[in-house]
Amino acid sequence: MIECRACPRLVTWREEVARVKVRRFREWTYWARPVPGFGDPRGRMLIIGLAPAAHGGNRTGRMFTGDRSGDFLYAALDRAGLANQPTSVRRHDGLKLSDVFITAPCRCAPPANKPLPSELERCSAWLDREVALLPRVRVVLALGAIGWGAALSHLQRRGLTLPRPRPQFGHGAVTRITGGPALLGCYHVSQQNTNTGKLTPEMIDAVLARAKELMDETA
Ligand code: SF4
């Protein structure tokens with residue numbers, strides 16, 4: 001995956017960001033490649049976000065690592081007993097996840113954090129191949145509507161029958177799919193949501209508690 005250059009617009013952007021950098025990270029050599037999933041490959045919870053941040057995952061090479069979204073997410077995972085520390089600053093910083101794996105439908109940092117539908121479509125092959133290596137997933141926690149849609153499309157490609165009408169994303173929404181994992185929605189952990197109070201620590205704590213219940217229900 002990390003050698004993929006299939007989306008010219010994203011390749012250009014991820015490399016341009018790495019060349020220009022921002023002042024506070026000027027000493028860094030940016031990762032500037034697709035970012036693979038991270039976590040416990042035997043985890044029962046799969047978190048699907050959106051895409052690496054330009055100066056977060058695109059810099060550090062690890063999902064939600066080195067940015068404010070990650071600060072919020074990993075602190076919550078730590079409180080839930082799913083991480084061994086609340087911070088995530090760089091690869092090899094000692095962070096370990098337990099019973100959870102984190103991935104994204106788009107592996108390269110997109111301009112304005114907005115991948116195009118064609119880019120999501122192209123990158124879905126990586127999602128399918130990665131999830132195929134995670135045999136114990138019982139609940140998929142989708143961060144935002146794009147993650148939710150990507151999870152549904154992935155399950156459909158696996159041959160599972162989705163409920164009709166197609167389930168809509170909502171914070172706290174749950175969809176059960178026969179023969180597959182439960183799907184649970186949560187607002188994305190972006191600063192746009194966490195700085196405005198749309199998503200609070202208490203709200204994500206409640207969602208993670210629900211996810212753990214669903215993991216046990218469907219075990
Ligand atoms: S977004 Fe996905 S498909 Fe496109 S270049 Fe990156 S890894 Fe490849």
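FYI, it's all coordinate maths here, none of it is from the lab. Just so it is clear, the model here is predicted, and its values are computed rather than measured. Methodologically, a virtual Cβ is constructed for each residue, glycine included, from the backbone with ideal geometry; neighbour enumeration extends over all protein chains shown.
List of remarks:
- Across the stretch 125-171, the number of residues qualifying as in contact with a Lys or Arg (Cβ under 7 Å, 6 or more places away or on another chain) and not in a strand (DSSP E or B) comes to 6.
- If the condition is being more than 16 Å from the ligand (Cβ to nearest atom), within 14 Å of the chain's Cα centre (by Cα) and surrounded by fewer than 17 Cβ atoms within 10 Å (Cβ to Cβ), then the stretch 124-183 contributes only 145.
- All of (1) of a type outside the set (Lys, Arg); (2) more than 13 Å from the chain's Cα centre (by Cα); (3) within 16 Å of the ligand (Cβ to nearest atom) hold for residue 37 with one exception: (2).
- Members of the stretch 1-15 found to be of a type outside the set (A, V, I, L, M, F, W, C), touching a Lys or Arg at 6+ places or on another chain (Cβ under 8 Å) and either near the ligand (Cβ under 6 Å from one of its atoms) or more than 11 Å from residue 35 (Cβ to Cβ) (or both), listed by number: 3
- Scanning the stretch 81-96 for residues that are out of contact with any strand residue (DSSP E or B) (no Cβ under 6 Å at 6 or more places or on another chain) and crowded, with 19+ Cβ neighbours inside 10 Å yields 88, 95.
- Only a single item in (1) more than 15 Å from the ligand (Cβ to nearest atom); (2) in contact with a Lys or Arg (Cβ under 7 Å, 6 or more places away or on another chain); (3) closer than 21 Å to residue 7 by Cα is not met by residue 20, and it is number (2).
- Pair list, Cβ < 6 Å and 6+ apart or interchain, from the stretch 13-24 residues that are of a type in the set (A, V, I, L, M) to residues that are away from the ligand (no atom under 16 Å from the Cβ): 22/55
- Checked across the stretch 96-109, the condition of being acidic (Asp, Glu), within 20 Å of residue 195 (Cβ to Cβ) and away from the ligand (no atom under 16 Å from the Cβ) holds for no residue.
- Residue 68 away from the ligand (no atom under 16 Å from the Cβ), among the basic types (Lys, Arg), surrounded by fewer than 22 Cβ atoms within 10 Å (Cβ to Cβ) and touching a residue at least 24 places away in the same chain (Cβ under 8 Å): yes
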